[in-house]
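The values are calculated or read from the model by the stated rules, or taken from the named source; none is laboratory data. Remember, it's a predicted structure, so these values are computed and weren't measured experimentally. When the accessible area is computed, the model is the full protein with side chains, heavy atoms only, and any ligands, DNA or RNA have been set aside. Shrake-Rupley method; radii C 1.70, N 1.55, O 1.52, S 1.80 Å.
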Amino acid sequence: PPPPPPRFSSRRRHTRYSLQSRGLGDVYKRQNFNWTDYIIIEGAGLSRQNRMSALQLIDILDKFKAYRHLMPAQTQDIFAKSGTLKNVSTYAGYINRNDSWTPFAIMINQRVSFKFREEVALELLKTL
C-alpha cells in the first residue's frame, strides 16, 4: 500500500516536514538511490538533524539537473546555493564545462566565507 500522507507541524516559524517520520524518504530512496545511511528530517535546506554525505547530495542534484536554473546564477557557468550553520558551511549546485552541467557539493565542518566557497567552485570549473 502507498505510504500515509506526510505530517506537518509548525514547531518553528516555518513548516517542518519529516520525510523519515512517515517512511516517505525510504520509499523515494528505494526508487531513486542506492543509499544505506542517511537522515533527511528537513528537506528545505541545511539542518542539524539531516545526515547526508556530499556524494548523496550530488545524487540528489543529479536527479534535479533539469531544474538547475531555479538555483541562483553565481556566474554564467555556475548555478549554486550556499548553506550555513554554526561551524558548518556548504555550497552545492552545478557547473557548466564544455556544455555539460555537472553537479557539485562542498561541505566544510568549519565556518568559511561565501567568497571562499565561490572560489572553490570556480577552481572546480577550471579543473573538471
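Quick notes on this one:
- Net lengthening on full extension, residue 53/residue 115 (0.36 nm per residue, minus Cα-Cα): 20.1 nm
- When each of 86/115; 86/126; 63/115 is checked by Cα-Cα distance, pairs over 22 Å: 86/126; 63/115
- Projected-area average for the range 31-118 over all orientations - Cα convex hull basis, square nanometres: 6.3 nm²
- Taking every protein chain into account, the accessible area of the range 67-109 amounts to 57 square angstrom per residue (probe 1.4 Å).
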